[in-house]
Amino acid sequence: DAMVIQNPRYQVTQFGKPVTLSCSQTLNHNVMYWYQQKSSQAPKLLFHYYDKDFNNEADTPDNFQSRRPNTSFCFLDIRSPGLGDAAMYLCATSRGAGTGGSGANVLTFGAGSRLTVL
Amino acid sequence: AQTVTQSQPEMSVQEAETVTLSCTYDTSESDYYLFWYKQPPSRQMILVIRQEAYKQQNATENRFSVNFQKAAKSFSLKISDSQLGDAAMYFCAYRSRVTGNQFYFGTGTSLTVIP
């Protein structure tokens with residue numbers, strides 16, 4: 001089945017120690033997103049890629065970076081995690097705005113990576 | 001940016017009964033999509049139902065249906081014959097059909113199903 005896979009599902013890191021979360025997709029969607037979700041809150045968009053074009057949200061801290069080496073993979077790098085960065089990180093994919101076809105424009109999520117910062 | 005508002009942080013429903021979750025949104029666009037997503041505790045976010053703004057007919061998916069009022073910018077979700085497995089956080093979301101790739105989420109409604 002086509003899907004969005006996130007690794008690792010659980011990540012524990014120490015304060016200030018860099019961490020990388022990965023996301024892969026078999027849907028061949030051209031847009032990939034990273035969301036941060038804290039307990040019982042709405043997902044907060046950090047950034048997204050439209051193909052290779054990177055789109056950063058204005059309020060995303062510089063501590064968060066992303067890479068998309070190819071269509072299938074996208075990485076979230078947290079350079080110096082603080083206690084406030086402990087959260088669930090959700091990767092999602094979609095087709096680009098204006099793209100036709102059945103199921104177009106639906107956001108498909110991975111299972112998430114839960115980050116704990118000690 | 002568009003805003004999506006869910007005014008009910010928590011709702012509860014008796015098993016087999018019907019419940020309606022509310023959502024309003026603000027946009028100046030005429031062509032867009034609206035969604036309801038479900039996130040069970042510690043589980044993956046999944047799509048429940050989708051509505052295209054240019055379609056007047058309300059979307060339905062088995063026990064789930066929406067009441068889409070475009071002029072009022074209202075998009076409520078009705079769950080009929082509620083089941084224990086419906087217990088989850090429900091998020092309303094908006095996306096422009098043409099401009100931009102962002103999905104805008106409401107703050108969510110936590111639904112409890114009482115046996």
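Looking at region B:38-57, which of the residues that are open to solvent by 60 Å² or more (accessible area, probe 1.4 Å) and in a loop (DSSP other than H, G, I, E, B) is modelled with the highest pLDDT? Selected residue: B:57. Across region B:27-43, the number of residues qualifying as within 9 Å of another protein chain (Cβ to nearest Cβ) and of a type outside the set (S, T, N, Q) comes to 4. For region A:51-76, which positions are within 13 Å of the chain's Cα centre (by Cα) and outside any loop (DSSP other than H, G, I, E, B)? Once the filter is applied, which keeps residues that are within 13 Å of the chain's Cα centre (by Cα) and outside any loop (DSSP other than H, G, I, E, B), region A:51-76 yields A:54, A:55, A:56, A:64, A:65, A:66, A:67, A:73, A:74, A:75, A:76.
Condition check for residue A:22 on (1) at pLDDT 95 or above; (2) not in a strand (DSSP E or B): one failure, at (2). Against the numbered list (1) in contact with a Lys or Arg (Cβ under 8 Å, 6 or more places away or on another chain); (2) open to solvent by 30 Å² or more (accessible area, probe 1.4 Å); (3) at pLDDT 95 or above, residue A:52 comes up short only at (3).
The number of residues in region B:70-106 being outside any strand (DSSP E or B), farther than 12 Å from residue B:25 by Cα and of a type outside the set (A, V, I, L, M, F, W, C) comes to 11.
When region B:1-37 is filtered for residues that are in a loop (DSSP other than H, G, I, E, B), within 27 Å of residue A:59 (Cα to Cα) and within 14 Å of the chain's Cα centre (by Cα), the ones remaining, listed by number, are B:6, B:7, B:8, B:9, B:23. Number of residues in region B:1-37 that are closer than 17 Å to residue B:92 by Cβ and either surrounded by 13 or more Cβ atoms within 10 Å (Cβ to Cβ) or in contact with a Lys or Arg (Cβ under 9 Å, 6 or more places away or on another chain) (or both) equals 22. Among the residues making up region B:61-103, a single one is surrounded by fewer than 20 Cβ atoms within 10 Å (Cβ to Cβ), of a type in the set (Ser, Thr, Tyr) and at pLDDT below 95: B:99. Scanning region B:47-61 for residues that are under 10 Å from the mean Cα position of the chain (by Cα) and away from every other protein chain (no Cβ under 14 Å) turns up nothing.
The values are calculated or read from the model by the stated rules, or taken from the named source; none is laboratory data. Just so you know, these numbers come straight off a predicted model, no measurement behind them. A quick note on method: Cβ atoms are made from the backbone with ideal geometry, for glycine too, and the neighbour counts reach across all protein chains shown. All accessible areas refer to the heavy atoms of the entire protein, side chains included, with ligands and DNA or RNA removed. Shrake-Rupley method; radii C 1.70, N 1.55, O 1.52, S 1.80 Å.
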